[in-house]
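Notes follow the structure.
The values are calculated or read from the model by the stated rules, or taken from the named source; none is laboratory data. None of the values given here were measured: they were computed from a predicted structure. Glycine gets a Cβ as well: all are built from the backbone with ideal geometry, and neighbour counts include every protein chain shown.
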Amino acid sequence: MAQKAIVVGASGYTGAELAKILTRHPEFELTGLYVSTNSQDADKPISALYPQLRTICDLPLQPLPEDLTEIAQNADLAFFGTAHEVSHNLVPIFLKNGCKAFDLSGAFRVNNVDFYTEYYGFTHQYPELLEKAVYGLAEWNHEKIAQTDLVAVAGCYPTVSQLSLKPLIENDLLDLNQLPVINAVSGVSGAGRKASLTSSFCEVSLNAYGVFNHRHQPEIAVHLGAEVIFTPHLGNFKRGILATITAKLKAGVTDEQIRAAYRQYYAGRPLVRVYEQGLPSIKAVEFTPYCDIGFATKNGHIIVVGAEDNLLKGAAAQAVQCANIRYGFNEVLGLI
Ligand SMILES: NC(=O)C1=CN([C@@H]2O[C@H](COP(=O)(O)OP(=O)(O)OC[C@H]3O[C@@H](n4cnc5c(N)ncnc54)[C@H](OP(=O)(O)O)[C@@H]3O)[C@@H](O)[C@H]2O)C=CC1
Ligand SMILES: CC(=O)N[C@@H](CCC(=O)OP(=O)(O)O)C(=O)O
């Protein structure tokens, strides 16, 4: 029998991607799409907002009622494409009612309440859930994801950054006395659907932001187990992230050792594609669930280039990948 899945925050960019994936998923049955109680989109079919979904998914965007018990008890699993603080408030209620939670926000990614005060601007009320939550970087936390009821899906920049760097760090190939430098450019959908001046058409060009204080720097450092310098950029395109990462290699490390490290970790992981030659671009990954990785070396340094679709491998597709792992399905089910 199919598992009943719902999406909370379904009118947003990641929510709509989840709706699309889950509609076609052979083992999850999409039984409900939800928005906030007073949403201006309440009761509209999702296809009224996303015309590509016409006839594919015309389910209504239902406003969440005050009492969530019935919704939570009737679903086997819930995906949260909601803002961090909204997820922080909703996820515990669903878990309490026996519903597995796959949260796309940052609300449960780092097991440190002070991190939330400093970087997210709210006081975290659930240290016991931070303890239990499993970080949803699917290729790296397979075994733990398979056993948890709360997956904190990795952030968009952290996914591509860590997938690119982790094999090198795990195999001790980098000289970490020189911090790896991650420069990443994101499409505007990374900022979500709600209009804002910074994401409006005439304002967007190409600029760095969050310099030395973006919340993804500590998220990356904690889960990578190594400090990094991380600078995000906003680019004038809709979707995708390209991360260009510069690091120092340990003395004597060869290209073959680097290739072997990537092979060792990703050979059986179909959603990470490591290039034998050349470097990835956003064009190679947009509208796909893949993270593509390529590298070049010179004079003891490596430049790794990672690319992903922020809404898919950076969010919705990775969330479904984690749910597939949780239920013991093939991790790419419904994704490729
Ligand atoms: N965009 C991206 O590339 C990525 C986003 N994420 C994370 O995923 C989450 C969603 O992002 P994104 O899809 O971009 O966000 P959007 O702003 O596009 O969508 C947010 C959704 O949440 C709904 N919502 C707002 N308040 C509530 C509430 N109180 N209860 C229920 N639903 C509510 C909104 O609808 P309404 O206001 O009408 O109720 C909307 O459907 C965020 O935490 C984000 O950080 C993670 C990785 C990548
Ligand atoms: C372009 C842009 O604004 N991107 C967002 C990151 C995307 C996101 O939603 O962050 P999580 O992956 O942590 O959920 C930002 O920098 O805040």
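Before moving on, here are some points about what is shown:
- Per-region count, segment 303-336, residues surrounded by 22 or more Cβ atoms within 10 Å (Cβ to Cβ) and part of a strand (DSSP E or B): 4
- Restricted to segment 165-204, and to residues there that are among the polar types (S, T, N, Q) and away from ligand 2 (no atom under 16 Å from the Cβ), the residue that is surrounded by the fewest Cβ atoms within 10 Å (Cβ to Cβ) is Asn177.
- From the list Glu139, Glu143, the one residue that fits, being more than 15 Å from ligand 2 (Cβ to nearest atom), within 14 Å of the chain's Cα centre (by Cα) and modelled with pLDDT of 95 or more, is Glu139.
- Flag for Lys144 being touching a strand residue (DSSP E or B) at 6+ places or on another chain (Cβ under 8 Å), touching a residue at least 60 places away in the same chain (Cβ under 8 Å) and closer than 20 Å to Ala78 by Cα: no
Here's the yes/no breakdown for (1) within 14 Å of ligand 1 (Cβ to nearest atom); (2) touching a Cys at 6+ places or on another chain (Cβ under 7 Å); (3) among the hydrophobic types (A, V, I, L, M, F, W, C); (4) within 19 Å of Gln321 (Cβ to Cβ):
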{"site": "Val86", "(1), (2), (3), (4)": "yes, no, yes, no"}
{"site": "Asn89", "(1), (2), (3), (4)": "yes, no, no, no"}
{"site": "Asn97", "(1), (2), (3), (4)": "no, no, no, no"}
{"site": "Ala101", "(1), (2), (3), (4)": "yes, no, yes, yes"}
{"site": "Phe108", "(1), (2), (3), (4)": "yes, no, yes, yes"}
{"site": "Phe115", "(1), (2), (3), (4)": "no, no, yes, no"}
{"site": "Tyr135", "(1), (2), (3), (4)": "yes, no, no, yes"}
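- All positions within segment 87-121 that are hydrophobic (A, V, I, L, M, F, W, C) and surrounded by 18 or more Cβ atoms within 10 Å (Cβ to Cβ): Leu90, Val91, Phe94, Leu95, Cys99, Ala101, Phe102, Leu104, Ala107, Phe108, Val110, Phe115
- Matching residues in segment 252-295 - criterion: being closer than 15 Å to Asn171 by Cβ, of a type in the set (S, T, N, Q) and part of a loop (DSSP other than H, G, I, E, B): Thr254
- Being more than 30 Å from Ala251 (Cα to Cα), within 13 Å of ligand 1 (Cβ to nearest atom) and in contact (Cβ under 8 Å) with a residue 12 or more places away in the chain holds for only one residue in Tyr157, Tyr209, Tyr119, Tyr126, and it is Tyr119.
- When each of Leu22, Leu77, Leu33 is tested for being under 19 Å from the mean Cα position of the chain (by Cα), at pLDDT 95 or above and under 22 Å from Phe287 (Cβ atoms), the lone residue that passes is Leu22.
- Enumeration of residues in segment 274-293 that are surrounded by 20 or more Cβ atoms within 10 Å (Cβ to Cβ) and not charged (D, E, K, R): Val274, Pro280, Ile282, Val285, Pro289, Tyr290, Cys291, Ile293
- Take the conditions (1) over 18 Å from Lys283 (Cα atoms); (2) crowded, with 24+ Cβ neighbours inside 10 Å; (3) hydrophobic (A, V, I, L, M, F, W, C); Ala296 misses just one of them, which is (2).
- Restricting segment 158-200 to residues that are more than 17 Å from Val222 (Cβ to Cβ) and of a type in the set (D, E, K, R), the residue that is farthest from the chain's Cα centre (by Cα): Asp175
- Hey, Val113 touching a Ser or Thr at 6+ places or on another chain (Cβ under 6 Å), away from ligand 2 (no atom under 15 Å from the Cβ) and of a type outside the set (Asp, Glu) or not: no
- Within segment 284-315, the set of residues being within 14 Å of the chain's Cα centre (by Cα), free of Cβ contacts under 8 Å to residues at least 60 places away in the same chain and closer than 15 Å to Ala243 by Cβ comprises Tyr290 only.
- Checked against (1) over 17 Å from Leu104 (Cα atoms); (2) out of contact with any strand residue (DSSP E or B) (no Cβ under 8 Å at 6 or more places or on another chain); (3) outside any loop (DSSP other than H, G, I, E, B), Lys20 meets all criteria but (1).
- Applying a threshold of 9 Å to beta carbon distances and a minimum spacing of six or more residues, or different chains, the list of pairs starting in segment 170-199 at a residue that is away from ligand 1 (no atom under 16 Å from the Cβ) and ending at one that is acidic (Asp, Glu) reads Leu176/Glu227; Leu179/Glu227; Pro180/Glu227.
- Tally, over segment 13-35, of residues that are crowded, with 24+ Cβ neighbours inside 10 Å and of a type outside the set (A, V, I, L, M): 5
- Of the strands (runs of 3 or more DSSP E) lying entirely inside segment 59-142, none contains at least 2 residues that are in contact with a His (Cβ under 6 Å, 6 or more places away or on another chain).
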